[in-house]
Structures are given as C-alpha cells and as structure tokens.
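The block underneath contains the structure these notes are about, expressed in structure tokens.
The values are calculated or read from the model by the stated rules, or taken from the named source; none is laboratory data. Predicted model only: the values in this text are computed from it and were never measured. Glycine gets a Cβ as well: all are built from the backbone with ideal geometry, and neighbour counts include every protein chain shown.
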Amino acid sequence: MILLRLLSWQYIRKHGPRSLLTLTGIVFGVAVFVAMHAANQSVFDAFQETINRIAGATELQVTAGEPGFDEDYLEKVQSLPQVRVAAPVVEAVVSTGLPGQGNLLILGVDMTGDRSLREYDLDSGEDAMMEDPLVFLAQPDSIMISTELARRNQLRINGRIALDTVAGSKEFVVRGILRPGGLTRAFGGNIAVMDIYAAQHVFGRGRKFDRIDLALAPGVQLDEARAEIQKALGPGFQVQPPSTRGQSFHSLLRIYNFILKFSSLFALVVGMFIIYNSFSIAVVQRRSEIGILRALGATRRQIAMLFLGESLAGGLLGSVAGLLLGYLVAGKVAANVTSLIEGAYGVTRPETRIGLTPALCVISIGAGLLTSIAAALIPARNAARTDPIKALQKGSVYALSPRADRVRMAAAAVLGAGGLFLVTSTKGLSLLYAGYLCVMVAAMLLTPRLALCVVSALRPVLRWIRPVEGVLAADSLMAAPGRTSATVAALMLSLALVIGLAGAARGSSARILDWVNTTLNPDLFVSGSRSLTDRNYRFPDSMTPELESVRGVEQVQRVRNVRIDYQQQLVLLMAFELRKVAQRSPRRAVEGDLKEMFRLAAEGKGVIASENFATLKGVHVGATLEIPSPAGLLRMPLVGVIREYADQQGALIIDREVFKKHWNDDGVDYFRIYLAKGAAPDRVKEAILTRFSGNRRLFVLTNQEARAFVTRLTDQWFRMQSGQILIAILVAILGIVSSLTVSITDRRRELAVLQAVGALRSQVRGTIWMEAAAVGLVSVILGLALGALQLYCLLEMTARDFPGLRFDFLYPYGVAAIVFPVILATAWLASLAPAESAVRGSLVEALEYE
Amino acid sequence: MNSLKLCLWLAVTSSTLFGQSARDIVAEVQKRSQADSQRYEGLLQVIDSRGKTSEKQWIYERLGSHGKSKATIRFVAPAEVKGVALLVVSYPDRASDQWMWTPAINRERRIAMQDRRTRFFGTDFSFEDLEERDIDHHEYSMKGEEAIEGEPCWRIEARPRPGKKSQYTRSVIWIRKTNYTYAQMENYSEDKLIRRLKYRRMENVQGIWTARTLEMEDMTRSSRTILKLESLKYNLLLTDDQFSVQALRQG
C-alpha cells in the first residue's frame, strides 16, 4: 500500500493522460457489456410486465397462434368444470391521430363476461371510471383509455380520439377512463379497452377471438387444469400461463444479443492489449525505480504485487466508469431494440426502465478487473524478474530474444494449425469458438514477427519518401518490435472485427437483396397498414373480385401470414395462392424440385419450409410435419425447402385453400397485384385508392415502396451492426492514440540524443510522424488480412448459432478502403502532440529521461 | 306425563310450523304472483354516490314464470341505447341463459353463466337479481316478524341449496302479511350486506298485487337504482317465437 502511494500514485500523476487512455479499453468493454445486458433485461422485463399487467388475475391463456379461433370455443371452455371464469380477448395495435403518442394497444374484452364493468383490471377492482356501461356496449365507437393517456392529451369523458380501423380512420368516444395502476401501466399507459365485439367489427376480425383468459375454479391445480383444457380443445390450441408469452419476445432478441456479446468481448480483449502495452512500457520506464527497490530489499513478489495493484486499481476505476457509461447508453440501446421489434413484428413498444441489478454490477466489474489483471500479469512478472544491476543500466529492452521468438513461433504454428482445423473441419459451435480463439491467439503471437516483416518491406518505401526520417523510423521499429507489437496487435484485432462485422453485413444484405428481387416482384401491394408486417387489419375475401375488376390489374394474389406455435416456438405460416406464386415469383430451391414442390403444395398435398425452418427443426423433404390448427393437427409431408427470409424463426408455406379449411379463416393480410402489360402502376394505384378509400382502411404500395419498407427493416439490423463497427473503430483509434503516445514519450531520451548529435527539429518530428504512420500502416495491413479470417469465423458462428442464416463470404472492400486512410490519419494525428513535446522540450531533461 | 307430552307436541309442532311456514309463505307469494305472461314499460333511474342521475327506459316481456320463463328487455331510450335487447331464459334446475343484442354492430352475444354477479348495465341490479328464481333453489327459515314501513311482515332467511350457485351466501326477505308480497330483501355475501331491494307502490293489477316501484341499493357503492313499472299487464298473448335469439335480432 505504501509502495502504491509513494511510487505508483506519483507515476500515475506524472502520466495522467496516458493512464486515462489506458483505461479506455476497460471502460468501453464494460460499457458495451453493461449497456447490452441492462437494455435487454429492461426490454424483456417490460414485455413481461406488460403481459402480466394485461393478464391481471389470469391463470391460463388459451391461444391458437396469431390467426385466433372461432368464438364457439368460448362456450366449450366455459363449460369445463376446471374453469371459473373464461373471458375472450381480441388485441390490436393501432396508430392514433394524437401527435407524438405512437401506437395504442387496444384490448377488446367482453364487458358482460367480467365480474363487473369496472373490474376488468382484476388486480385493482373498482378502478375504472365509466360514464354509462350500456352506452359503452351499445356504441361501437366507445373506448376506455388510461388516465395517463387522457392526461397527456387532455382527453375527458365524451372526448374524441381518432384511431385507424379497417374502414379507415374513425373517431372514437372516450366513455371511460381507467384509473392508474395495474393494467394501465402496461405500455406506459398507451392502452385502451373496447368491447370485444366492437373490436372484432372495427378491426375486421370476423367472429374470432385472439385468446381466452382463464381463472380456475377454487381448489383446481394449474397443471391438472391445463392438461384437461388442452385435452378438451385438442392439439391445435396452446394452453399456457401468461408468463410463458414473454419467452417468445426473448427469442426475438437472440441475434441482437449475439452481436452485442461478441462486440463487448472483443472490446475487452482489445482493452486488455492496450493495458498490456501500457504496463509493458511502464515497466521499462520504471526499470531504474524497480532496480532501486530491489537493491533496497523489496522482494520479487512485492514488485509484482505493486504492478498488479496498480492494474487492479485502474481496472476498478475503468470498470466503474464503464458501468456508468453503459448505464447511460442502455436507454438508447433499449429504444433501438424495441423499435426493431415494433417494426419487424408489429407490436407496441413497451415502456422500458433501465436498471442495474447487483448481479450485473458484480459481473461487469469482475470482468473489467479480470481483464485488467490478466493484461498486467506478464508485465508484472517481467518487472518482478528484473535483475537489480541490469535494471539500473540503460539500454534496449524491447528487442526480442531469439529463444522467446522461437517459442512464440512454435506456439503460433500449433495454435494456428489447430485453430484452423477446428474452424474448418468441425461442426460443433463450442469447437468453432475454441478454434476461433486459437486462431486469434496465434495471430497475436505472430504479430511481432509479421510486423517486422512488413516494416522491412516498407523500409525502402519510407526511405524513398524521406531518406533520413524514413530510414530512422523503419530502423527504430525494427530494432524494438516488442514496443510496437502490442499497439499493432490491438489495432489489428479491432480492424479485424471491423472487417468481420462489415463483411457479415454485406453478406446478409446481398442475400436479402436477392430474396427481395425474387419474392417482392408484384407491381403493387394492397395492405391494411403502411407496413407488410402489421397484421392488425385484415381484408375480407370479398375484396378480391373488386380488385380484379380494376382496370390494369392482371392478377391478384391473396396473402395471409400468421405466426403459429410450432413445437413451442413461434414460426411464420404463410398462406399463398401457390399456383399463381409458382408462375410469377418462384423462389430458390434449397432442397427438392421447385416445380414439383409448388405443384404438390398448391394441390394441398404438402408444405414448403424455409431454409432456416428446415435447419432449425432438422427436417428434410419427405418428413411429415404436424402443424397445429384450431381444427386439429394438420399432418402434411414436407415437399420442399426454399430460401425465404420472412422470419428469423422460420417459415412454413401452405396453399391458401388449406389454410382456409383448417383455420376457418378467409381473411387477407395483403394483396399482391400484377399489372397488365402497359398499365401504369401509379394510375392503377390511384384507381384502387379511389375505389376503396371511402369505406376501407387501405394502403397501396408500389414495388419500390414495398422494397423500401423491407430495406428499412433490414437497415435497422445493419444500423445496429454499424454501431458495433463504430465501437470497434473507436477502440482501434483509442488504442493507437494511447500506444503511440506512450511509445513516443518513452523514446524522449533517444529522440533527444538525435537532436544532440545535430538532427533538426523537423527531422525528428518527421521521424516520429513516419514511425506513427508506419505503425498504422502495418496494423491496417495485418488487420485487413486477419479480418478475412475473422469474417469467415463470424459467418460460421452465425450459421451455426442461427441455422439457416448462412451468408456468402463477401469481403467488405468499401469499408477497408475507408478504414485505411482513417487509421493512417489517426496515427499521424496521435503522434502530433507527443512529437511536438519531444522536439520542443528541454534537451537536458529529455536526456535524463529514464 | 301429560305436561311432558304437551311440551313435546309443542316443540315438534312449532319447529315444523316455523320450518314449513317459511317455505310455504314464499310459495304462497309465488302462487299469488303467478301469471302466464307479463309486460311492462320500465323507467330506470340510476342515482350514483354523488347524486348524479341517469335514466333509461325499456319494455319488458315475460312468458312463463318462476324458474320456467323466458323474458326480453328492450331498451327504448335514451337514443344511444335504443334497440339494445336482452333475452333471459330461466330454468328450474340450472342458471339462466342470457343473450344480448347490440344493433349498432349487428351482433348478439351470449352472457356467460359464470358472470351473473356482473352489474346489469351500470345499474345496481346484477344479472342474477333479474332472474326469476324457482322456490326450490333456496332453503328457507323463519327468523321472526318485523314491520316494514308500518306494515307487519314475516322475516325469512333464504340460503342457496347445495349445488345452486349464487353470488349471495344468504338473503333476508320481508313478506307483507296482508297480501303475501315482498316488502324488502337484503342480500349478503358472508356477513356483509351487499344489496337491499325495496318493493314499493303496491297495486293490484289484474288480481295480482305488484310493486310498481323497485328500489335497489348497492351498499358497497353507495348508489341506488329505482325501477318504475308502467303500463303493466299480465297474461297477454305471447308466443315462444317472440323469445328467441332470432327474435331478439329482429327487434
């Protein structure tokens, strides 16, 4: 402790900015880790809390996937002896006409079916203010809103609020206000209650319910009741406690989690290198100090503990700073995640509250401390092993000993070969990660030798640019590879991550673009919402002939997409008119004959699966799939596997007639419209809008607009990836700034000697600049090369972790071209201040340095 | 010995008298109010705890009585609820079936049996309160005599028979001795008084003594509902067809 106060604190004070820079790696690593976990947890908690609040005292919920089920099932459920109360529910997410209020979750409930008109919120009893319950039921424009929403928009009883309905925007009358608490806290108060039959009417749901909420008879066990209700309803239904619904949201966040986890880990690794570099230099700079301490009787252990103590203190500081930064950033991350889910799945954003759990604080600070200590272990060991006599002598300490170099090379060869084998020749995910780790460690071990080779190759170029400064810079780097290797390794790793992420983004973008070109080829899309994913509004089948009769329309394809529970996972069931689809937009077959699979599926003799569904479920053509429907299990053979990216959990494609028969549902989510030759899309769009806009909520998207929508969705994913890339670049920049500052400051004596023997200030300055640029150049060359390997590993990880998401290897040349000058410029900028300090400082002081 | 026999006879007779007479009295009430059908125009006033009053009007028709009846309630005013109708089919051996018709969305809906304790459209009556109950749904016991508004009454306690569902654990009924009509009814959940119903403005209509004003007080909400029966008629010519879901739709 005394040593820490007397020596370490003085050193840190003297090198304040450098010490701060050293911490940046830990700060960033911990911040990304904390932001990711806190945001994900808050989003998950918000969804879960919302589900619980809406569920109230519900013990079990009966669902049959997104399409819902016929009303008749309600009586069946109500008649079961295990059931005390069975209340049907219809849910819809609608946009309001209220500025800045976003979407509103409409809960359609059977007011007469509840204990009291004021008791829908079973948690809080007499909580609702209702002007007249009979008027509420009699008038389909009645709505009950939360106090929060009423207050925010100065709405009172009998006030009016515009909502999007199946028949366009309609005004609703506020006939009740729910007092705060319970249900109304869901979605931050963006919730409203309607009569269920009015909700069916205004949202075009026909005579279907989304689910039935149940309370059990006294004394009935949950599991027993669940089994009995399931038996009574059949396998097409899911009978689950409300809490399990939250799990489905959790699975939506998997890819997001994967990317963030990867990045936070990488940031910590890069941070570790920055600390390693900084401590290695500190050990060298303080050799004489270590020598004196050893001569005065300090033990090796005390010296090692001194450096580890410094590292621990720095790690703690960095971790706490990272924790705070992560907490601040988590809100933005959570907003991004909820926005993504809202866009892709059409659900209302829940109100997220960021919180740091004690466990998260302990884990993140622990990770920061471990990283910091691990980084300081080798420098601390080197310090402890320092011979007191040699320590008091000046001289080169950065040169690699031939023996150490041989050991490094051998280890790199073994790890590299083993790693490559594991990455390329094994199937398991854990082996892949192990192989990836081996490859990265091998790359780091090779860094000094590789850096030396590249610098040797660059020497003539540097000499050609500036004969004196170029040679001096190259020779300095070659003479002390130990000094620059950590800088190069840190930068190389960061750049490799940049290339990996950017390549993955390019690969996935290319695949999605290919899919968009194949799938989204109709001239127009007629949808009930601005997006093609929102399924709150459905069209009646009777609209089809009307659309077909519009001048210029050649073919109309009806599409119904619903999410169903397949083996306890939500998958997308797509009901198409497959004969027409086969003619107009055949997909790319992955397994099976394309024509044959579409023929069989169109005849109702089979089902087609998306590539990711087949991989996730491990099914192949010929397998029999059991798809749950309200009419029972639909058993159909898998007749083909195609490339389809409509849903990350997988998609099944059946013919519309099969869907109509088994789901008793002839609704249409959107129409795909192909125009006659010569027909102008804009004119036909106008004609459709004119025909229907008076009596129906309807959006007509041109092909370009539909593509733009899909691109917007995918862009949201890519924006997240861009965020990761940005972090990686930032860490790389910080790494180079820190390392160069340290490195140049460390060479003050050497540079002063140069000046003392007659070198001009401009020559010294030029030497430093060129050296910095050379370090940047070497790092970029190695980083971009390692990036190829990183990209390969990342694509393998994605493919193995998310079956079906196998993207092509496309090297991101564009990003590489941007990174190149950015890093070189950063290296040069980073060297400006230390170079000026070196040439303008006192020669005497500089010569006394060390 | 003789005095012992007299005591025994008195004990047996009095217990039998009190036990049977309570049920007999209720049976007599039902018998005297028996009519094949009924029709009236109801004026409903709901007065909430703050004194705010809202009014509704309906036409009530019933075919059959006391546990074996079908009844419709059609709202005629105010304009917002005009056309809303309710069909209640009562059975002697189980709870009634109820349907509601809402013309604005062209929909009928079934009201679940399990939710009969729900308030009847914002009034202080529950759906269960509006059912015509069979005498055999309850067990009765005499609790003495007490005057209500100056009129001598029997005080009888009714408890649901085992297997018969009710939101109330017991009811205390006051029956006028003069004409065998209900004077007041208090409904309890456990020991808590939930609702009190008063029968007022007694009139003899076609030989049936009928309360022309019913006043239900909800003790938990401090609100009350007054139902006035106008144009009351008994034993009209009504048919089964008029009491179906289809008829409900047709208005």
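Among the residues of the stretch B:144-183, which ones are assigned to a strand (DSSP E or B) and over 26 Å from B:PRO92 (Cα atoms)?
Here is the first cut: in the stretch B:144-183, the residues assigned to a strand (DSSP E or B) are B:144-148, B:151-160, B:170-176, B:182-183.
Selection gives B:GLY144, B:GLU145, B:GLU146, B:ALA147, B:ILE148, B:GLU151, B:PRO152, B:CYS153.
Residues to consider are B:ARG74, B:ARG117, B:ARG110; find the one that is in contact with a strand residue (DSSP E or B) (Cβ under 6 Å, 6 or more places away or on another chain), surrounded by fewer than 22 Cβ atoms within 10 Å (Cβ to Cβ), at the interface with chain A (Cβ under 10 Å from one of its Cβ atoms) and at pLDDT 80 or above.
Details: B:ARG74 fails: at the interface with chain A (Cβ under 10 Å from one of its Cβ atoms); B:ARG117 fails: at pLDDT 80 or above.
Of B:ARG74, B:ARG117, B:ARG110, the one residue that is in contact with a strand residue (DSSP E or B) (Cβ under 6 Å, 6 or more places away or on another chain), surrounded by fewer than 22 Cβ atoms within 10 Å (Cβ to Cβ), at the interface with chain A (Cβ under 10 Å from one of its Cβ atoms) and at pLDDT 80 or above is B:ARG110.
Mind checking which residues of the stretch B:22-42 are part of a strand (DSSP E or B) and either modelled with pLDDT under 90 or more than 14 Å from chain A (Cβ to nearest Cβ) (or both)? Lay out the reasoning, then the answer.
Taking the stretch B:22-42 as the starting set, the residues that turn out to be part of a strand (DSSP E or B) are B:37-42.
Passing the criteria: B:SER37, B:GLN38, B:ARG39, B:TYR40, B:GLU41.
Just to verify a result, which residue in the stretch A:284-317, among those that are modelled with pLDDT of 75 or more and of a type in the set (Val, Ile, Thr), is farthest from A:LEU20 (Cα to Cα)? Spell out the reasoning first.
Applying the first criterion (modelled with pLDDT of 75 or more) to the stretch A:284-317 yields A:289-317.
From the residues that got through so far, the ones that are of a type in the set (Val, Ile, Thr) too are A:290, A:292, A:299, A:303.
Details: A:ILE290: 23, A:ILE292: 27, A:THR299: 29, A:ILE303: 22 Å.
Filtering the stretch A:284-317 for residues that are modelled with pLDDT of 75 or more and of a type in the set (Val, Ile, Thr), the one farthest from A:LEU20 (Cα to Cα) comes out as A:THR299.
Is it true that some residue in the stretch B:43-55 is away from chain A (no Cβ under 14 Å), over 28 Å from B:ILE135 (Cβ atoms) and not aliphatic (A, V, I, L, M)?
The first filter runs over the stretch B:43-55 and keeps only residues away from chain A (no Cβ under 14 Å), leaving B:43, B:51.
Right, trim to over 28 Å from B:ILE135 (Cβ atoms) and you get B:43, B:51.
If we keep only those that are not aliphatic (A, V, I, L, M) too, we end up with B:51.
Yes: the stretch B:43-55 contains one or more residues that are away from chain A (no Cβ under 14 Å), over 28 Å from B:ILE135 (Cβ atoms) and not aliphatic (A, V, I, L, M).
Among all residue pairs at least 6 apart or on different chains, which show Cβ distances below 7 Å where the first residue, located in the stretch B:86-105, is more than 11 Å from chain A (Cβ to nearest Cβ) and the second is of a type in the set (Val, Ile, Thr)?
Matching pairs, first to second residue: B:LEU87/B:THR72; B:LEU87/B:VAL245; B:SER96/B:VAL88; B:SER96/B:VAL89.
Being more than 30 Å from A:ARG563 (Cβ to Cβ), modelled with pLDDT of 75 or more and in the same structural domain as A:ALA215 (by TED's automatic domain parsing), is that true of even one residue in the stretch A:22-41?
Checked against the condition, which is being more than 30 Å from A:ARG563 (Cβ to Cβ), modelled with pLDDT of 75 or more and in the same structural domain as A:ALA215 (by TED's automatic domain parsing), the stretch A:22-41 yields no hits at all.
Output yes when any residue across the stretch A:528-545 is part of a helix (DSSP H, G or I), touching a residue at least 60 places away in the same chain (Cβ under 8 Å) and farther than 14 Å from A:ARG643 by Cα, and no when none is.
Taking the stretch A:528-545 first, the residues part of a helix (DSSP H, G or I) are A:543-545.
Next cut, touching a residue at least 60 places away in the same chain (Cβ under 8 Å) only: A:543-544.
Checking the rest, the ones that are also farther than 14 Å from A:ARG643 by Cα come to A:543-544.
Yes.
When both residues are 6+ apart or on different chains and their Cβ atoms are under 7 Å apart, which pairs have a first residue that lies in the stretch A:576-601 and is in a strand (DSSP E or B), and a second that is buried (at least 16 other Cβ atoms within 10 Å of the Cβ) and of a type in the set (S, T, N, Q)?
If the second residue must be buried (at least 16 other Cβ atoms within 10 Å of the Cβ) and of a type in the set (S, T, N, Q), the pairs left are A:PHE576/A:GLN557.
Of a type in the set (Val, Ile, Thr) and assigned to a loop (DSSP other than H, G, I, E, B) - does that describe any residue in the stretch A:552-574?
Within the stretch A:552-574, none of the residues are of a type in the set (Val, Ile, Thr) and assigned to a loop (DSSP other than H, G, I, E, B).
Name the helices (runs of 4 or more DSSP H) wholly within the stretch A:137-247 that hold at least 3 residues that are surrounded by fewer than 24 Cβ atoms within 10 Å (Cβ to Cβ) and at pLDDT 85 or above? If you could, list the steps in order and put the result at the bottom.
Values: elements: A:147-152, A:196-202, A:222-233.
The helices (runs of 4 or more DSSP H) meeting that bar are A:222-233.
Does at least one position in the stretch A:678-690 carry a residue that is in contact with an Asp or Glu (Cβ under 7 Å, 6 or more places away or on another chain) and at pLDDT 80 or above? Reasoning before the result, please.
Narrowing the stretch A:678-690 to residues in contact with an Asp or Glu (Cβ under 7 Å, 6 or more places away or on another chain): A:681.
If we keep only those that are at pLDDT 80 or above as well, we get A:681.
Yes - at least one qualifying residue is present in the stretch A:678-690.
Hey, does the stretch A:554-571 have a residue that's within 30 Å of A:VAL239 (Cβ to Cβ), modelled with pLDDT of 90 or more and of a type outside the set (Lys, Arg)?
Checking the stretch A:554-571: at least one residue is within 30 Å of A:VAL239 (Cβ to Cβ), modelled with pLDDT of 90 or more and of a type outside the set (Lys, Arg).
Any residue in the stretch B:152-166 that is at pLDDT 85 or above, within 14 Å of chain A (Cβ to nearest Cβ) and either under 17 Å from the mean Cα position of the chain (by Cα) or within 30 Å of A:PRO88 (Cβ to Cβ) (or both)?
Within the stretch B:152-166 (the criterion being at pLDDT 85 or above, within 14 Å of chain A (Cβ to nearest Cβ) and either under 17 Å from the mean Cα position of the chain (by Cα) or within 30 Å of A:PRO88 (Cβ to Cβ) (or both)), the answer is no, since none of the residues qualifies.
In the list A:LEU520, A:LEU524, A:LEU446, which residue meets the criterion of being under 30 Å from A:LEU795 (Cα atoms), over 25 Å from the mean Cα position of the chain (by Cα) and modelled with pLDDT of 85 or more? Break it down into steps so the answer makes sense when it comes.
On the way: A:LEU520 fails: modelled with pLDDT of 85 or more; A:LEU524 fails: under 30 Å from A:LEU795 (Cα atoms).
None of the other options fit; the residue is A:LEU446.
Among all residue pairs at least 6 apart or on different chains, which show Cβ distances below 8 Å where the first residue, located in the stretch A:431-452, is closer than 15 Å to A:THR484 by Cβ and the second is not in a helix (DSSP H, G or I)?
Every condition considered, the pairs that remain are A:PRO448/A:LEU400.
Looking at the stretch B:46-77 only, could you name the residues that are touching a Lys or Arg at 6+ places or on another chain (Cβ under 7 Å), on the phi < 0 side of the Ramachandran plot and in a loop (DSSP other than H, G, I, E, B)?
B:SER49
Answer yes or no: is there a residue in the stretch B:222-240 that is surrounded by fewer than 16 Cβ atoms within 10 Å (Cβ to Cβ), within 14 Å of chain A (Cβ to nearest Cβ) and either of a type in the set (Val, Ile, Thr) or outside any helix (DSSP H, G or I) (or both). It would help to see each step written out before you state the result.
First, pick out the residues of the stretch B:222-240 that are surrounded by fewer than 16 Cβ atoms within 10 Å (Cβ to Cβ): B:222, B:230-231, B:233, B:235-237, B:239-240.
Going one step further and asking which of them are within 14 Å of chain A (Cβ to nearest Cβ), we end up with B:222.
Pick out the ones that are also either of a type in the set (Val, Ile, Thr) or outside any helix (DSSP H, G or I) (or both) and you get B:222.
Checked against the condition, which is being surrounded by fewer than 16 Cβ atoms within 10 Å (Cβ to Cβ), within 14 Å of chain A (Cβ to nearest Cβ) and either of a type in the set (Val, Ile, Thr) or outside any helix (DSSP H, G or I) (or both), the stretch B:222-240 yields at least one hit.
If the requirement is being of a type outside the set (Val, Ile, Thr), out of contact with any Asp or Glu (no Cβ under 9 Å at 6 or more places or on another chain) and in a loop (DSSP other than H, G, I, E, B), which of these qualifies: B:GLY83, B:GLY122?
Details: B:GLY122 fails: out of contact with any Asp or Glu (no Cβ under 9 Å at 6 or more places or on another chain).
The conditions single out B:GLY83.
Of all the residues that make up the stretch A:633-669, how many are modelled with pLDDT under 90, closer than 26 Å to A:ALA64 by Cα and not hydrophobic (A, V, I, L, M, F, W, C)?
Residues flagged as modelled with pLDDT under 90, closer than 26 Å to A:ALA64 by Cα and not hydrophobic (A, V, I, L, M, F, W, C) within the stretch A:633-669 amount to 11.
Would you call A:LYS208 among the basic types (Lys, Arg) and touching a Phe, Trp or Tyr at 6+ places or on another chain (Cβ under 7 Å)?
So A:LYS208 fits the description; yes.
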